[in-house]
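**Student:** This is the structure I want to talk about, given as structure tokens.
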Amino acid sequence: MIENATGLIVRTRPLTETSLIVQWLTAEQGRIATVAKGARRSKSAFQGKLDLFYLAELSFSRSRHSELHSLREVRVIETFSFLRKGIERLRQACYCATLVEQTTESDTPLPGVFPLMQEYLMALAQGASNVHLLLAFELRLLNQLGMGPNLDDCRLLPADRELAHRLATGGLLTLSELQPDPESVRAVKRFLHGFLIYHLGRLPRGREAALATDPPRCSG
Amino acid sequence: MSALPAAIVALIASLRSLPGIGPRSAERIALHLVQADPHAVEQLARHLTEARARVQLCATCGALTETSPCGTCSDPRRDATFLCVVERPTDTLVIEKPGTFRGRYHVLGGKLSPLNGIEPEDLRIRELEERLTREPVKEILIALGTDVEGDATSFYLARRLARPGLKISRIAHGLPAGAGLDFADELTLSRALEGRRDMKQDE
């Protein structure tokens, strides 16, 4: 049966000399893995259409026997090309994808997570101050999955708690205007560090590197 | 239970681990080898062992070689002021094919990949910086892939290697030679438009 979806590519890896496994984050189908047969051939119809964080419309045949479905067609909507121009932003987007991967099951609808990831990439493209944007993503993802911390009953100081509340609510795009106290940002970062280890068992790979630097603002 | 002798099954399993060889090809090659002239098989085994033992990575550029430094690094006719940065050792062979590049190489050994935990310290970037201090390099040509990670690596390198008197360029990308516009996909075409060049340069 052929299904259609709109999805973000969150991981690609070679399957054979000519084929590629493409992992997507979609709203209705959740995280799905597809095989793009022949995608690594120079004359493939998929050539230039399957790369990290491309937003695309896809159609695929669902496999009855495994979680690896067959990709049939792709139409690219957005490439988020700003990610190519700086490793810092790519590192942060990759960390978010890893966090989603670690906290969600495949082939399960994720109606709130897909728009969150999309909005995060758009905010990143606008050149938002990335450390608190990333913390906002973590808080919102945890809330979406029903794992969010109770901010009214945690060890954060009132000013830090207020920042955490601000990061967890409202539009991500509006956060680009926010200029929080660096000390509060550090406190929320430390709090989420411990919270993630406690609830996930281990810290997702790339968190330290993603939060290490606040990259220079870019025009997108 | 397999009707094949255990030695052939083991040989098939070894052959299957090679790139581009599937189960049927592995079985065909294995059955050919066990029925071939023993001298030819011994020679093949010797060549395999010798090639693996002799071939190493050049200490200077990181390309495949039997002697270090490699032929390209030690060739006085190669332009020592022009350095081409590639991702894998085999990429040097691809650049050599047209016969137009007369500079030297530097193999990074990969590309930055946050998803796979590959960071700058995992690549041969420090070795490249050291070469810049001891070799008379005037131009670096970055010849990495054009996927998101390849582009991010190229931009990272351009920023990190920037210094006075050093030109940093990148291989062009766009339409394949001899192809018409109607055969190009929209992304390739948009990148070809972005990378347009002044025709005065070609005169």
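The values are calculated or read from the model by the stated rules, or taken from the named source; none is laboratory data. None of these values were measured; they are calculated from a predicted model. Here the Cβ is made from the backbone with ideal geometry for all residues, glycine too, and neighbour counts use every protein chain on show. These area figures cover heavy atoms from the full protein model, side chains too; ligands, DNA and RNA do not enter into them. Shrake-Rupley method; radii C 1.70, N 1.55, O 1.52, S 1.80 Å.
**Student:** Which whole number gives the average, over all residues in B:144-157, of C-beta atoms from other chains lying within 10 Å of the residue C-beta?
**Tutor:** Mean partner shielding for this stretch: 5.
**Student:** Another question about this same structure. Considering only protein heavy atoms, what per residue accessible area in square angstrom results for the range A:2-79 with a 1.4 angstrom probe?
**Tutor:** Per-residue value: 49 Å².
**Student:** Sticking with this one: Solvent-accessible area of B:LYS200, probe 1.4 Å, all protein chains present, reported in Å² to the nearest ten, please.
**Tutor:** Answer for B:LYS200: close to 150 Å² accessible.
**Student:** Mind checking the angle between helix A:87-103 and chain A's longest principal axis? C-alpha axes, 0 to 90 degrees, to the nearest 10.
**Tutor:** 80
**Student:** Ok, one more. If you average the C-alpha positions of the range A:1-54 and of the range B:130-194 separately, how far apart do those two centres end up, in angstrom?
**Tutor:** Distance between centres, Cα-based: 25 Å.
**Student:** Within straight cross-link reach of A:LYS37, meaning Cα distance under 19 Å, which lysines are found once same-chain residues fewer than 8 apart are removed?
**Tutor:** In chain and number order, the partners are A:LYS49.
**Student:** Something else: Specify whether the C-alpha gyration tensor of the range B:110-161 places it in the rounded, prolate or oblate class, a ≥ b ≥ c being the square roots of the eigenvalues: rounded for a/c under 1.5, otherwise prolate if a/b is larger than b/c and oblate if not.
**Tutor:** Oblate.
**Student:** Per-residue Cβ counts within 10 Å, from other chains only, averaged over A:101-107: what number is that?
**Tutor:** Rounded to a whole number, the mean comes out at 0.
**Student:** Hey, another quick one. Please report Rg over Rh for the range A:2-79, where both radii come from the alpha carbon positions and Rh follows the Kirkwood definition.
**Tutor:** Radius of gyration over Kirkwood radius for the range A:2-79 works out to 0.92.
**Student:** In addition: Pick from A:SER184, A:SER106, A:SER63 the residue whose mean-square fluctuation is largest in a GNM of chain A, springs joining Cα atoms under 10 Å.
**Tutor:** A:SER63
**Student:** With a cut-off of 8 Å between alpha carbons and a minimum separation of six or more residues, what is the relative contact order of the range A:2-79 in percent?
**Tutor:** Answer for the range A:2-79 is 31 percent.
**Student:** Given a 1.4 Å probe and no ligands, DNA or RNA in the count, how much accessible surface is buried by A and B, both sides, to the nearest 100 Å²?
**Tutor:** 1900
**Student:** Then there's this: Could you sort B:ASP151, A:ASP152 by their accessible area in this structure, using a 1.4 Å probe and putting the largest first?
**Tutor:** Largest accessible area first, the residues go A:ASP152, B:ASP151.
**Student:** Taking R0 as 41 Å, what FRET efficiency do you get between B:ALA51 and A:ARG202 from their Cβ-Cβ distance, rounded to the nearest 0.05?
**Tutor:** E(calc), rounded to 0.05, equals 0.45.
**Student:** At B:GLU194 and B:ALA3, where each label point lies 7 Å from the Cα along Cα→Cβ, what is the point-to-point distance in nanometres?
**Tutor:** 5.8
**Student:** Which aspartates and glutamates have a Cα lying under 20 Å from the Cα of B:LYS167, excluding residues fewer than 8 positions away in the same chain?
**Tutor:** B:ASP79, B:GLU87, B:GLU127, B:GLU129, B:GLU130, B:GLU135, B:GLU139, B:ASP151, B:ASP198, B:ASP202
**Student:** What dipole magnitude, in Debye to the nearest 20, does the range B:48-203 give about its Cα centre under +1 on Lys/Arg Cβ and -1 on Asp/Glu Cβ?
**Tutor:** Magnitude of the dipole: close to 600 debye.
**Student:** In debye, nearest 20: dipole of chain A around its Cα centre with unit charges on the Cβ of K, R (+) and D, E (-)?
**Tutor:** 880
**Student:** Separate question: Once a ≥ b ≥ c are taken as the square roots of the eigenvalues of the Cα gyration tensor of the range A:62-101, is the result rounded (a/c under 1.5), prolate (a/b larger than b/c) or oblate (a/b not larger than b/c)?
**Tutor:** Oblate, since a/c reaches 1.5 and b/c is not below a/b.
**Student:** Once you've got the GNM for chain A with C-alpha springs shorter than 10 Å, pick whichever of A:TYR198, A:TYR120, A:TYR54 has the biggest mean-square fluctuation.
**Tutor:** A:TYR198
**Student:** Show which aspartates and glutamates lie in cross-link reach of A:LYS189 when reach means a straight Cα distance below 13 angstrom and same-chain residues fewer than eight apart are skipped.
**Tutor:** Cross-link targets: A:GLU138, A:ASP160, A:ASP181, A:GLU208.
**Student:** To continue, here is another question. Considering all alpha-carbon pairs of chain A, what whole percent are spaced by more than 32 angstrom?
**Tutor:** 21
**Student:** Rounded to the nearest 0.05, what FRET efficiency do A:ARG155 and A:THR108 have when you use their Cβ-Cβ distance and R0 = 25 Å?
**Tutor:** The computed FRET efficiency comes out at 0.20.
**Student:** What is the range B:6-54 by shape, rounded, prolate or oblate, if you read a ≥ b ≥ c off the alpha carbon gyration tensor as root eigenvalues and call it rounded for a/c under 1.5, prolate for a/b larger than b/c, and oblate otherwise?
**Tutor:** Judged from the Cα gyration tensor, the range B:6-54 comes out oblate (a/c at least 1.5, b/c at or above a/b).
**Student:** Can I get the semi-axes of the range B:57-202's equivalent ellipsoid? Compute them from the C-alpha gyration tensor as square roots of 5 times the eigenvalues, in angstrom, largest first.
**Tutor:** So the equivalent ellipsoid measures 26, 19, 16 Å along its semi-axes.
**Student:** Please list A:HIS165, B:HIS47 in order of solvent-accessible area, largest first, computed with a 1.4 Å probe with all protein chains present.
**Tutor:** In descending accessible area the options line up as B:HIS47, A:HIS165.
**Student:** Can you list the residues, at least 5 places off or on another chain, whose amide H is less than 5 Å from the amide H of B:ILE168, using H built in the peptide plane?
**Tutor:** B:ILE140
**Student:** Gap in Å between the Cα centre of the range B:3-65 and the Cα centre of the range A:152-179?
**Tutor:** About 60 Å separates the Cα centre of the range A:152-179 from the one of the range B:3-65.
**Student:** Between A:LEU55, A:LEU151, A:LEU25, which gets the highest mean-square fluctuation from a Gaussian network model of chain A, Cα cutoff 10 Å?
**Tutor:** Of A:LEU55, A:LEU151, A:LEU25, the Gaussian network model singles out A:LEU151 as fluctuating most.
**Student:** Quickly work out the B:ALA172-to-B:GLU96 label distance, labels modelled 7 Å from Cα along the C-beta direction, and quote it in nm with one decimal.
**Tutor:** With each label point 7 Å from Cα toward Cβ, the separation is 2.6 nm.
**Student:** Moving on. Please give, to one decimal in nm, the separation of the simple spin-label points placed at B:GLU139 and B:GLU186, each 7 Å out from Cα toward the Cβ.
**Tutor:** Each label point lies 7 Å from its Cα, and together they span 3.5 nm.
**Student:** If you bin every alpha carbon distance in the range A:84-210 into 5 Å steps from zero, what whole percent lands in each bin?
**Tutor:** Calculated over all Cα pairs of the range A:84-210, the distribution is 2, 10, 23, 25, 23, 13, 4, 1, 0 percent.
**Student:** Just to verify a number: FRET efficiency for A:ILE2 and B:ALA179, C-beta to C-beta distance, R0 = 25 Å, to 0.05?
**Tutor:** Once the sixth-power term is evaluated, E becomes 0.20.
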